[in-house]
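Visitor: Below is a structure I'd like to ask you about.
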Amino acid sequence: MAAEMYDAIVVGSGISGGWAAKELTEKGLRVLMLERGRNVEHVKDYVNARKAPWEYPHRGGRTVAMEEAWPVLRRDYPLNEKNLDWWASDRDSPYTEVRRFDWYRGYHVGGRSLLWGRQSYRLSDFDFEANAREGIAVDWPIRYADLAPWYDHVERHAGVAGSHENMAQLPDGEFQPAMPLNCGEELVAGRLANLFDGRRRIIPGRVANATQALPGRAPCQYRNACWLGCPYGGYFSTQSSTLPAAMATGRLTLMPFSIVTELVYDRERQRVSGVRVLDAVTEKSTEFTARVVFLCASTLNSTWLLLRSATDVWPGGLGSSSGELGHNLMDHHFRVGAEGTLRDASLDDKYYYGGRPTGFYIPRYRNLFGEQRDYLRGFGYQGSSSRLGWQRAVRELGVGADFKDRMSEPGEWRIGATAFGEMLPHHPNRISIDQTHTDKWGLPVLAIDCAIGENERLMRIDMANDMAEMLEASGVSEVSTYDNEYWPGMGIHEMGTARMGRDPKTSVLNGRNQVWDAPNVFVTDGACMTSTACQNPSLTYMALTARAADFAVAELKRGNL
Amino acid sequence: MNNDQPKFELISRREAILRVSALFGGTLLVGQAAMLAGCAAPATGRQRSSAARGLFSQSDIELMDEIAETILPETDTPGAKAAGVGPFIALMVSDTYYAADQQVFVKGLADLQTRSLTGYGANFRVITAAQRLELVERLDAEQHLYMETRTDAMPAHYFRMIKELTLLGYFTSEIGYMQAMRYVETPGRFDPCVPLVPGEKSWAPHA
């Protein structure tokens, strides 16, 4: 039976897959987008978006039964009653933890684009040059100038609210008006601006929530309930932004419940001819062919697919000739920072209105402009200030009428921030196929072996102390630091395992995200990252995907693929 | 190494999570070890919530309603009982508490009744409002002292459980959202700085 033919196949429908589908279809290609999970229709399937908070039996909390059903997801905040449907089942899709790795997955159309934190920051040449400058891993094959126009391109379509700050380490972009700092944050930002040589700055978080209408999308309505799906399309997701654009071309076929199990490699042509797909419901296997394949299945799953493909040629899988496939797994380490109470007479009679779906950001300042700490790279902070709500009542002494009325009113101003730190690429941090365990569909699972090292541990000391120092210097009282412990994966910023590079002997992908060993396969999700920087990575995946799609179409036209 | 020695108090993980969750508006239940447990969830002391069904009788639920109403009584806004806090507490202890904490809670409820009987000669549900408040204030002082000084190995105080679930149940109820606080489902805009008039209620978050 002849396999169905497309110009391009996109594996995955999350942030990267959505961009691949949009760009490729808009450039005239007939595209098949394969998603392993179910469909989630924009607005219609956001079943809890309009539910009142009091309608959840456990008010959003987690039950013991939920914890038993999600042994991984329960380790952190994602396990909750409100959007449980959007987290992959740990039981259906297990994995092997050689060392603890928290893998939080979204197996449905839109993937984690429905669930993401939406913080959107560009990388800079400090980041692209770091590996080469310090002799770490391999050099990125691209520089900021290669990506800048693509950042412009994706920001315009996605809608990123942000302020222009003219900071070399955090390039400005094509922003919609920023979501402003509230008066507590503004006060501290103003004080901090005059300290530390002005190098540590509080700026409004840059966030992929529209502050102005975009085609088919209303601006953010400040409900701060993005993770339930937005009935207004206020934030960037596959559903709100890239999927409708791709669908509008009439050239996209979206197939949910389609687990890609293998890339079909043609030895003679040294190209991939298509993919093998397992229907997640009927368990029937089908083949689809295409001239190019974009792997956007999320970092670990894209590499899982490579590891399983063309093993008759390379036992380690497609792209393994360098010996780097599966290696150099990274994440952002975090859950460390400081906070305190903001007492200032000018704030006593101040409040705010509306749920802003972001906070403030403190761009990286460590190991820049000539400074050298006892660790490499740096970190940024995400934080916010707010007046305490009723939750403060739990720890306060008191019961009765006055207590109740007092706790119904806003309390003191608090301010705090959590650091997100760069994690160095390290060859032994890796994933591999565990042939001894299978998932619900009988497919072998991943084994994950990853840990942070000395560089990250040293960095964490600064990550806690610096924030405390900034708060104290800015007049914040009762400042305390915290380190809530971190295990790789918790950042939900998995990166690496199929890194880009300049040399096929030391990298899996070239500077155009092509697999060296099969140039019609492009990997444009987090797997391609050569280093992590400390900025939230999704915007970079979008830009890399759009750039690779543009190149792929040009190469197809030139007859090179 | 050129890092400064930590000069700030490094707080415990439990404390840190409590503070951060309060800072960001989240909630943390003392009886529910989930967030604290992380990878180290207690292997023992857990049991299916089905076994916990029937943990409370109807009169237990009525008792919890009265305790909750004493903690958060009707004022110019409805109290905990009107907000259905008694049944909510029963549901939460049954479904979200580990077995060890359920036992602390159930024993605690019995302890409260015993104190009512010995102190006032009658069941908590029939003693006067002033007597209830007196007893609940005493328990609140006890739990407060205990919780501020306990070690991580010690279980939470049962009255802290009751108080926390009362607050959670009340302030996340429709009455809590619409009457005790102010709630706008779709604010439509963000004002970073607005005047707060004395007596104005908190904004309740959407999610």
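Visitor: Could you work out how far apart the two model spin labels at B:Arg138 and A:Arg100 are, taking each label as a point 7 Å from the Cα in the direction of the beta carbon, and quote it in nm?
Guide: Those two pseudo-labels are separated by 4.3 nm.
Visitor: State the antiparallel share, in %, of DSSP beta bridges confined to chain A, rounding to the nearest 5.
Guide: Restricted to chain A, the bridges split so that about 70 percent are antiparallel.
Visitor: With a cut-off of 8 Å between alpha carbons and a minimum separation of six or more residues, what is the relative contact order of the stretch B:56-179 in percent?
Guide: Computed value for the stretch B:56-179: 35 percent relative contact order.
Visitor: Helix-only estimate, please: 222 nm mean residue ellipticity of the protein assembly as shown, summing -39500 (n - 2.57) across DSSP H runs of length 4 or more and dividing by its residues, to the nearest 500. Walk me through the numbers before you get to the answer.
Guide: On the way: 19 runs with 216 residues, N = 768.
Rounded to the nearest 500, it is -8500 deg cm²/dmol.
Visitor: Now a separate question. For A:Asp434, what residues show an amide H to amide H distance below 5 Å, using hydrogens built from the backbone and excluding near sequence neighbours?
Guide: A:Val445, A:Leu446, A:Ala447
Visitor: Continuing with the same structure: Go through A:Ser321, A:Met255, A:Gly416 and say which Cα lies farthest out towards the positive end of the charge dipole of chain A; charges sit on Cβ, +1 for Lys and Arg, -1 for Asp and Glu.
Guide: Farthest along the dipole direction, towards plus: A:Met255.
Visitor: In chain A, which Cys residues have no partner Cys with a Cβ closer than 4.7 Å?
Guide: A:Cys220, A:Cys226, A:Cys230, A:Cys296, A:Cys450, A:Cys528, A:Cys534
Visitor: Starting from the amide H of A:Ser258, placed 1.01 Å from N in the peptide plane, find each other amide H under 5 Å away whose residue is 5 or more places distant or on another chain.
Guide: Sorted by chain and number, the residues that satisfy this are A:Glu35, A:Arg36, A:Gly37, A:Ala280.
Visitor: In chain A, if every C-alpha pair distance is counted and binned at 10 Å from zero, what percent goes to each bin?
Guide: The distribution over chain A is 4, 18, 29, 27, 15, 6, 1, 0, 0, given as percents.
Visitor: Dipole magnitude of chain A about its Cα centre, charges +1 at Lys/Arg Cβ and -1 at Asp/Glu Cβ only, in debye to the nearest 20?
Guide: 980
Visitor: What distance in nm separates the simple spin-label points at A:Asn39 and A:Ala145, each placed 7 Å from Cα in the Cβ direction?
Guide: 4.6
Visitor: With r defined as the distance between the Cβ atoms of B:Thr75 and B:Ala153 and R0 fixed at 45 Å, what FRET efficiency is calculated, to the nearest 0.05?
Guide: 0.70
Visitor: Counting only residues 5 or more places away or on other chains, whose amide H sits under 5 Å from the amide H of A:Phe294 once H atoms are built in the peptide plane?
Guide: Placed amide hydrogens put A:Ile9, A:Val10, A:Val11, A:Phe522 under 5 Å from A:Phe294.
Visitor: At each listed q (0.12, 0.13, 0.16, 0.18 Å⁻¹), what is the log10 of I(q)/I(0) that the Debye formula gives for the stretch A:124-267 modelled as equal alpha-carbon point scatterers?
Guide: Listed by q, the Debye log ratios stand at -0.76, -0.86, -1.08, -1.16.
Visitor: Same structure, new question: Sorting B:Ser57, A:Ser408 on the 10 Å Cβ count, fewest up front, what's the list?
Guide: B:Ser57, A:Ser408
Visitor: Quick one: order A:Thr299, A:Thr311 by neighbouring beta-carbon count within 10 Å, fewest to most.
Guide: With the fewest neighbours first, A:Thr299, A:Thr311 line up as A:Thr311, A:Thr299.
Visitor: Under 8 Å for C-alpha pairs, at least 6 residues apart: give me the relative contact order for the stretch A:474-561, rounded to a whole percent.
Guide: Normalised by residue count, the contact order of the stretch A:474-561 is 23 percent.
Visitor: Need the list of lysines near A:Lys404 for cross-linking: C-alpha distance under 21 angstrom, and skip anything on the same chain fewer than eight residues off.
Guide: B:Lys81, B:Lys163, B:Lys201
Visitor: Further question: So, R0 is 35 Å and r is the distance between the beta-carbons of B:Arg115 and A:Asp349; what FRET efficiency does that work out to, to 0.05?
Guide: Calculated value: 0.25.
Visitor: Something else about it: Take A:Leu187, B:Leu165 and order them by how many other Cβ atoms sit within 10 Å, fewest up front.
Guide: A:Leu187, B:Leu165
Visitor: Could you give each residue of the stretch A:409-420 its phi-based ³J(HN,Hα) in whole Hz, using Karplus coefficients 6.51, -1.76, 1.60 with θ = phi - 60°, and x for Gly or Pro?
Guide: Once rounded to whole Hz, the list reads 9, x, x, 5, 7, 10, 9, x, 8, 10, 8, 10.
Visitor: Please list 3J(HN,Hα) in residue order for the stretch A:72-88, calculated via the Karplus relation 6.51 cos²θ - 1.76 cosθ + 1.60 where θ = phi - 60°; whole Hz, with x for glycine and proline.
Guide: Values per residue, Gly and Pro as x: 8, 4, 5, 5, 8, 4, x, 6, 8, 6, 7, 9, 4, 4, 9, 10, 4 Hz.
Visitor: Taking a cut-off of 16 Å between Cα atoms, list the lysines near A:Lys557, but don't count ones fewer than 8 places away on the same chain.
Guide: Answer for A:Lys557, where 16 Å is the Cα cut-off: A:Lys27, listed by chain and number.
Visitor: Short version: ³J(HN,Hα) in whole Hz for each residue of the stretch A:323-334, in order, from phi by Karplus 6.51 cos²θ - 1.76 cosθ + 1.60 (θ = phi - 60°), x for Gly and Pro, what are they?
Guide: Coupling constants for the stretch A:323-334: x, 10, 5, x, 9, 6, 5, 9, 7, 9, 8, 7 Hz.
Visitor: Using 0.36 nm per residue, how much length does the chain from A:Thr341 to A:Lys51 gain when fully extended, once their Cα-Cα distance is taken away?
Guide: 101.1 nm
Visitor: Counting alpha carbon pairs within less than 8 Å and at least 6 residues apart, what relative contact order, in whole percent, applies to chain A?
Guide: Numbers: 1336 pairs, mean separation 124.4, N = 561.
Over chain A, the number comes to 22 percent.
Each value in this text was obtained by applying a stated rule to the coordinates, not by laboratory testing. Keep in mind the model is a prediction, meaning the values are calculated, not measured. Using ideal geometry, Cβ is built from the backbone for each residue, glycine included, and neighbour counts are taken over all protein chains shown.
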